[in-house]
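These notes concern the structure reproduced below.
Only the coordinates and a few stated rules stand behind these numbers; no lab work does. Everything numeric here is computed off the predicted structure, so don't read it as measured data. As a convention, Cβ positions derive from the backbone with ideal geometry for all residues, glycine included, and neighbour counts pool all protein chains shown.
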Amino acid sequence: MDRRAVSLVVIGVVLAACAAPSPAAPPPSVPTAVLATELPATMVPTIVPTPTTLSPEDALMATIMAAPPSPTPAVVANLPTIPPTITLAPTAAAVPLPAGWWDSAVCYEVFVRSFADSDGDGIGDLPGLTARLDYIADLGANCIWLMPVNAAASYHGYDVIDYYAIEPEYGTLADFRDFMAAARQRDIHVIIDLVLNHTSNRHPWFESALRDATSPYRDWYLWSPVDPGYFGPWGQRVWYRSPAANEYYYAVFWDGMPDLNYRTPDVTAEALAISRFWLEDVGVDGFRLDAVKHIVEAGREQENTRETHAWLRTYAAGLRDIRPDAFTVGEVFDGRPGVLERYYPDQLDSYFEFGVAAAIIDAANTGNGARFTQAVSGALQRLPYQRWAPFLSNHDQERVMTTLGNQQGRMKIAAAALLTLPGLPFLYYGEEIGMTGTKPDERLRTPMQWSDVPGVGFTSGTPWQAVQPDYRTVNVAAQQDDPESLLNHYRTLIRLHTTNPALARGDFTPLAVDGPRGMAAFVRQADETAVLVVLNFGDTTAAGVRLAGATGLAPGSYTCTALVGATEAAPLEIIAQGVIDSYSGLAEVPPHGTFICALQPME
C-alpha cells in the first residue's frame with residue numbers, strides 16, 4: 001500500500017443504519033454530536049432499518065437531536081446494506097495448498113515505472129520490462145509480482161481510475177498481453193497487484209456517486225451527512241468533506257483514495273468481475289491483494305474486522321469458481337500477536353510474514369542466529385505449512401541494504417536465510433545487486449541500476465526519479481561476471497531454491513548449535529531429498545561448531561555434499577528416532593558465511 005501524507009497503513013469505515021451506545025467518551029477535541037457505531041466484540045450487528053417516512057439523513061439528525069446531552073451520547077450510522085455474515089473464527093481445517101507452481105517458486109517484485117524504459121521518456125514501461133525478462137529468468141526467478149499496472153491517478157498506481165485498462169504511461173493492454181506471452185515462453189508466472197480496498201477519487205464510480213445522490217454507484221462508497229467525529233487507527237483523518245455536497249465520505253488513507261463499501265453486494269460482484277477479466281481474459285496467475293485488513297469496517301473498528309474475514313472467504317470462493325489454480329497473497333501489515341493467524345486457513349492462499357522479515361534483518365545486524373531460528377520456528381507453528389511468503393523488504397520499507405548498513409556480508413547472509421526458508425519467497429527488484437533507498441516512498445522506488453552510464457541503462461532520457469548516488473558501483477554490469485558478487489550469490493540461491501525439492505517445499509527442523517552466537521542450523525527435507533543448512537550471521541569465523549537434535553531422517557550414515565559454500569563436511573551419523581547426537585564434522589564457516597549440503601544415505 002502506498003503510504004501517503006500520513007504513515008498510511010490501516011483502515012476504517014463507517015457502519016450505516018445501526019445504533020449502539022459508545023463505550024467511552026470521545027476525546028475533548030472530537031465533536032460529540034455524532035460518533036461511529038462500536039460493537040461489542042462478541043455480538044453480530046443488529047440492523048435497525050431507517051423509518052420509511054424519513055430520509056436517512058433526516059432519521060440520523062432526528063436521533064441526534066433527541067439524544068440527551070451526555071459524555072456518551074446515543075450513536076447512529078447509516079448502513080446502506082445488511083452486513084455480511086460474521087464468522088467469529090475460521091472453521092475449516094488448516095491444510096497445505098494443493099500442489100502447484102507456487103511449490104517451487106521465487107517471486108520477483110517489479111515496479112514497472114522504474115524497471116526499464118523502452119522509449120526514452122524516462123518512465124519504465126511494459127515493452128521495456130518485456131525486453132528485460134531474460135535477466136529475471138537468468139536470475140532464476142520463476143514468478144513476477146507487478147506493482148499496480150492499472151490506469152491510475154498517481155505515480156504509484158494505488159489510486160485506480162480504471163481496473164480494466166493499463167496505465168497509459170506503461171503502454172496498452174496489447175503490450176501487457178505481449179509481456180504475458182514472453183513470460184510464458186520463459187516459464188515465468190505473473191501475479192498483479194489488485195487494489196480492492198479503495199479507488200481514486202477520480203474513478204468514474206466515485207465521481208458519479210459524489211455528484212448524484214441517486215447514482216447506481218452511491219452505495220459503493222461510504223457517506224455521512226455530518227462528520228462522524230472519529231479518527232483512523234493511527235490518529236489520521238478518515239472523513240472528508242465532499243466538494244460537491246454538504247456531506248462527508250470515508251477514506252482511510254487520504255482523501256484521494258475513497259474506500260469502497262463491500263457491504264453493498266454489487267461491489268463484491270464487481271471485484272470478482274475484475275478478477276475474472278485478469279485471470280481469464282488476460283491470463284495472469286493470481287493477485288497480490290493490497291491492504292486486505294482494511295476491506296470492511298465496523299464503525300471505529302477499522303482493521304481486521306470479522307466482516308473482513310467473512311468477505312475474504314466469499315472472495316476466495318469466487319476465485320476458485322473462476323480459476324481453481326489462481327494464487328493469492330495478501331498484505332496484512334500488523335505485528336500484534338494473533339492477528340495474521342485469523343486470516344487462515346480458508347481465506348487467501350498466503351500472506352507476507354513481516355515478523356520473519358524483521359527477524360532476518362535483526363539477526364544479520366546483531367549477529368544473533370538464535371533470533372532468526374526462533375522467529376521462523378514460531379511462524380511455522382502458527383501458520384499453515386507453506387502458506388506464507390517470507391521477504392526482506394518491499395516498496396513501502398527502507399531498502400534492506402540500507403537497513404543493513406550497506407554491508408555486503410550482512411546482505412549475503414540475509415539473502416541466504418530468506419532463500420532457504422519454506423514458503424514462497426519474494427524479492428524486491430534491485431535487492432539482488434544491493435540497491436539502497438530510504439523514505440520518502442519515491443526514493444524506495446528509484447530506477448533499476450543496470451550500468452554506470454548517466455541513465456543507468458534504464459533510459460536514454462532523464463529518469464522520472466533521480467537514481468541513487470551509488471549507481472556507478474552498484475549496478476548489474478559491475479556484478480554480472482564476478483563470481484563473488486551479491487548478484488551471483490542470489491542467482492545461486494534462487495536456482496537452488498527452485499530446483500531442490502527440500503528447499504522449495506520441505507519441512508523445517510532446527511538444530512541445536514554449540515558454537516558462536518551467530519550460528520543457526522536446520523535440516524529441510526521433502527520426498528527423498530534432504531539438505532543441511534548452516535548460517536553464520538556473525539562477523540567472525542566460526543570453528544568447532546557442534547550440531548545436535550532431531551532431524552526426521554531415518555537412522556544411518558549420511559554424506560554431506562556441499563551445494564553452497566566451500567566448507568568441507570565429514571559424513572554424519574543419524575541415530576535412533578532420527579537424532580543427531582553431536583556432529584562436529586564442519587570445517588570453519590566464514591563470517592556471514594552460508595553452507596548448504598545435500599544429505600544422502602551412504603551405501
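Can you tell me how many residues in region 381-428 are among the β-branched types (Val, Ile, Thr), more than 25 Å from VAL190 (Cβ to Cβ) and without any contact (Cβ under 8 Å) to a residue 40 or more places away in the chain?
Count: 1.
Could you tell me which residue of region 497-521 is surrounded by the fewest Cβ atoms within 10 Å (Cβ to Cβ), considering only residues that are in contact with a helix residue (DSSP H, G or I) (Cβ under 6 Å, 6 or more places away or on another chain) and over 22 Å from ALA363 (Cα atoms)?
Selected residue: THR498.
Would you say ALA141 is surrounded by 20 or more Cβ atoms within 10 Å (Cβ to Cβ) and not charged (D, E, K, R)?
Yes: the conditions hold for ALA141.
Inside region 411-427, can you point out the residues that are surrounded by fewer than 24 Cβ atoms within 10 Å (Cβ to Cβ) and not in a loop (DSSP other than H, G, I, E, B)?
Selection gives LYS412 alone.
Considering only region 250-271, how many residues are within 13 Å of LEU319 (Cα to Cα) and surrounded by 18 or more Cβ atoms within 10 Å (Cβ to Cβ)?
The number of residues fulfilling the criteria is 2.
Quick one: in region 304-318, of everything that is under 19 Å from the mean Cα position of the chain (by Cα) and of a type in the set (A, V, I, L, M), which residue is surrounded by the most Cβ atoms within 10 Å (Cβ to Cβ)?
LEU312
What number of residues in region 554-582 are surrounded by 18 or more Cβ atoms within 10 Å (Cβ to Cβ) and either farther than 20 Å from ALA542 by Cβ or of a type in the set (Asp, Glu) (or both)?
Summing the residues that are surrounded by 18 or more Cβ atoms within 10 Å (Cβ to Cβ) and either farther than 20 Å from ALA542 by Cβ or of a type in the set (Asp, Glu) (or both) in region 554-582 gives 2.
Just need a number here: residues in region 355-373 that are within 20 Å of ALA542 (Cβ to Cβ), surrounded by fewer than 24 Cβ atoms within 10 Å (Cβ to Cβ) and touching a Leu at 6+ places or on another chain (Cβ under 8 Å).
Number satisfying all stated conditions: 1.
Residues being surrounded by fewer than 16 Cβ atoms within 10 Å (Cβ to Cβ) and not charged (D, E, K, R): count how many of those fall in region 432-464.
Within region 432-464, residues that are surrounded by fewer than 16 Cβ atoms within 10 Å (Cβ to Cβ) and not charged (D, E, K, R) number 7.
When region 244-301 is examined, which residues are found to be small (Gly, Ala, Ser) and more than 26 Å from ILE191 (Cβ to Cβ)?
Answer for region 244-301, where residues must be small (Gly, Ala, Ser) and more than 26 Å from ILE191 (Cβ to Cβ): ALA244, ALA245, ALA251, ALA298, GLY299.
Listed here are the residues, each with its yes/no results for (1) touching a residue at least 24 places away in the same chain (Cβ under 8 Å); (2) within 24 Å of the chain's Cα centre (by Cα).
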site: ALA181; (1), (2): no, no
site: HIS189; (1), (2): yes, yes
site: SER200; (1), (2): yes, yes
site: PHE206; (1), (2): yes, no
site: ALA209; (1), (2): no, no
site: SER215; (1), (2): no, no
site: TYR221; (1), (2): yes, no
site: SER224; (1), (2): yes, no
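Tally up the residues in region 475-497 that are assigned to a loop (DSSP other than H, G, I, E, B) and of a type in the set (Ser, Thr, Tyr), please.
So the answer is 1.
Does any residue of region 498-515 turn out to be part of a loop (DSSP other than H, G, I, E, B), of a type in the set (A, V, I, L, M) and within 27 Å of PRO96 (Cα to Cα)?
yes
Name the residues in region 204-239 that are closer than 16 Å to GLU303 by Cβ and of a type in the set (S, T, N, Q), would you?
Residue satisfying the conditions is GLN236 alone.
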